[in-house]
Amino acid sequence: MDEYDVVVVGAGPAGSTAARFAAEKARVLLVDKHREIGSPKRCGEGLTLDAFRDLDIPLDKRFINKKIYGSVVYAPGGGKIEIRYDEPAGYIIERKIFDKFLAAEASRKGVRVLADAYATLNTVNGRIMGVRIRHQGEEREIKAKVVIAADGVESQIARQAGINTALNPRDIDSCFEYEMSDIKIEDPNMIHAYLGNKIAPGGYIWIFPKDDDRANVGVGVCGGERETAKYYLDRFIKSRPDLRGGSILEVNVGCIPVGASLKELVRDNLMVVGDAARQVNPVHAGGVHNAMLAGKLAGTTAAETIDSQDLGILKRYELGWNSSKGKQLERILRIRYFMRKLGDGDMDYLTRVWDGGDLIRVSEGDWGVALKKMAEHPRLLKLLKKFV
Amino acid sequence: MMEIKDCYGCGGCVAVCPHGALTIDDVVERMDEKCIKCRICEHVCPNGLIKIE
């Protein structure tokens, strides 16, 4: 039997980051069920500059496809909001390389990494003893003092520990994405988002350029819609002369948990991070930055626990997250519910009265001046009061 | 019966199943005894691949 201080299940951004920080004081094993870490990717691959800074990740050209200078959001009636910076504000990365880089970084800090290892929680009389892994047909028991579940939206490890992670379908974004080449992108230095109840009910269509003529073209729609995500994306592409002749290099399918963070992030000696803990922005559905912040907090806390031999310290991760980032995500969730109620005309109205700064602040949970600018639209204000 | 053709393994259906009736390794599998045919899973599959009968 192998024995570690910490075993992390899932080598996405949350898991690899948690492992890397836990390894400062603990013996850590990081397992991933996929044969290749980073693949299949389920992501639009946009990451802000802040994420690189917060996590001290180099701007390495091996995983950076394109510098992005801002975003354009299109309302269904033709209105748009643009926010453009002089310097790059974010990057379209190559997740397959990025995720592998993060796992390799963890391994350099002493983490043992193992791909093609499917894990289930190992409990004896209700106590979490570690995990069982199946690696290339061989079953193995891994003993660990702390288990970190970073196993994505389906989060089976947390469920096996008895945490109810089931999501309401309206709190999930059902997504479909093509990586397309030989397409015409109006401004490849910007990311583009298309809103509309007919275009993408409860979500949006994105064009995230990876090159001047190549992009991730995808859609997220609120779970429970009449048609599938694939239906909305194919229809959008067919309607666009700039896209419909393009080639398809990759097909990506995924679901994003956009219902704000799980409250119970720690139970006994189990911690939950990343999509497994729904640490996703409910408005734009980005999750990599939050996942890495949570991974850092969870990993650091796990390391302290091992150092002091006191498992009670693990709860500090839950308290820390819930009192800061978790609170912010709660606020943003209410904005998601407000936005779900907007008609196409309302979206057009907002593109007329808001500027890019308002939109960014609102998507981060801060209404500020954006609210004042809606003063001439009492119905929207009334609607807003229901949610915010 | 649950029929899932060409599952991409994204796990969305597993995340919404209120009864923990779905499991996933590479593709989704159903534990028949736990499924109450609420069909919530059908509504999140991005590809529309799940059909519960």
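How big is the gap, in Å, between the Cα center of region A:341-388 and the Cα center of region A:3-38?
Using only Cα atoms to place each centre, the spacing works out to 41 Å.
Are there any trypsin sites (Lys or Arg not before Pro) in region A:270-355 that are in a DSSP loop and have at most 14 other Cβ atoms within 10 Å? List them by number.
A:Lys341
Quick check: the angle from helix A:344-353's long axis to the longest principal axis of chain A, C-alpha only, nearest 10 degrees?
80 degrees
Report the antiparallel proportion of the DSSP beta bridges in the protein assembly as shown as a percent, rounded to a multiple of 5.
75 percent
Given the peptides A:226-233, A:103-110, arrange them by the average over their residues of other C-beta atoms within 10 Å, most packed first.
A:226-233, A:103-110
Tell me, in nm to one decimal, what length is gained between A:Asn168 and A:Ser308 on full extension, where the rule is 0.36 nm per residue of separation less the Cα-Cα distance?
Extra length available between A:Asn168 and A:Ser308 comes to 46.5 nm.
Just counting partner chain Cβ atoms within 10 Å, what average do the residues of peptide B:41-53 show around their Cβ?
The per-residue average across the peptide is 6.
Please give, to one decimal in nm, the separation of the simple spin-label points placed at A:Lys67 and B:Lys51, each 7 Å out from Cα toward the Cβ.
In this crude label model, A:Lys67 to B:Lys51 measures out at 5.2 nm.
Can you check what the Kirkwood hydrodynamic radius comes to for the protein assembly as shown, Cα pairs only, in Å to one decimal?
It works out to 22.2 Å.
If you take the beta carbon distance between A:Glu82 and B:Glu29 as r and set R0 to 51 Å, what does 1/(1 + (r/R0)^6) give as a FRET efficiency, to the nearest 0.05?
The computed FRET efficiency comes out at 0.65.
I'd like the distance between the alpha-carbon centres of region B:10-53 and region A:245-298, rounded to an integer number of Å.
Region B:10-53 and region A:245-298 have Cα centres separated by 20 Å.
Got a sec? Which residues in region B:24-40 would a label at A:Asp116 touch, if it sits 7 Å along Cα→Cβ and we count backbone N under 16 Å?
So the set is B:26.
Positive end of the charge dipole of chain B (Lys, Arg +1 and Asp, Glu -1 on Cβ, about the Cα centre): tell me which of B:Thr23, B:Ile40, B:Cys7 has its Cα farthest that way.
Comparing the listed Cα positions along the dipole, B:Ile40 ranks first.
Kindly give Rg over Rh for region A:122-268, based on alpha-carbon atoms, with the Kirkwood expression for the hydrodynamic radius.
Reported Rg/Rh (Cα atoms, Kirkwood Rh): 1.12.
Assign unit charges at the C-beta atoms only (+1 for Lys and Arg, -1 for Asp and Glu), then state the dipole size of region A:337-388 relative to its Cα centre in Debye, rounded to the nearest 20.
Dipole of region A:337-388, to the nearest 20 debye: 340 debye.
Report, in deg cm²/dmol and to the nearest 500, the calculated mean residue ellipticity at 222 nm for chain A, where each DSSP H run with n ≥ 4 adds -39500 (n - 2.57) and the sum is divided by the residue count.
-9500 deg cm²/dmol
To the nearest 20 debye, what is the magnitude of the charge dipole of chain A about its Cα centre, counting +1 on the Cβ of each Lys and Arg and -1 on the Cβ of each Asp and Glu?
That gives chain A a dipole magnitude of about 920 debye.
If you check each cysteine of chain B for another cysteine whose beta-carbon is under 4.7 Å away, which ones come up empty?
Those would be B:Cys7, B:Cys10, B:Cys17, B:Cys35, B:Cys38, B:Cys45, since no other cysteine Cβ in chain B comes under 4.7 Å of theirs.
Amide H neighbours of A:Val8 under 5 Å, counting only residues 5+ apart in sequence or on other chains, H built in-plane at 1.01 Å?
Long-range HN contacts for A:Val8: A:Leu29, A:Leu30, A:Val31, A:Ile148.
Would you kindly state how much longer the chain becomes between A:Asp268 and A:Thr48 on full extension, computed as 0.36 nm times their sequence separation minus their alpha carbon distance, in nm to one decimal?
Working it through step by step, the gained length comes to 75.8 nm.
Give the long-range amide H neighbours of A:Val258: residues separated by 5 or more places, or on another chain, with amide H under 5 Å away, using H modelled in the peptide plane at 1.01 Å from N.
HN-HN under 5 Å from A:Val258: A:Ile172, A:Asp173.
In nm, what is the difference between 0.36 nm times the number of residues separating A:Trp367 and A:Val124 and their Cα-Cα distance?
Stretched fully, the A:Trp367-A:Val124 segment lengthens by 82.6 nm.
Since every read-out is calculated from the coordinates, none of them should be taken as a lab result. Model, not experiment: these values are computed from the prediction. All Cβ positions, even for glycine, are placed from backbone atoms using ideal geometry, and neighbour counts span all protein chains on display.
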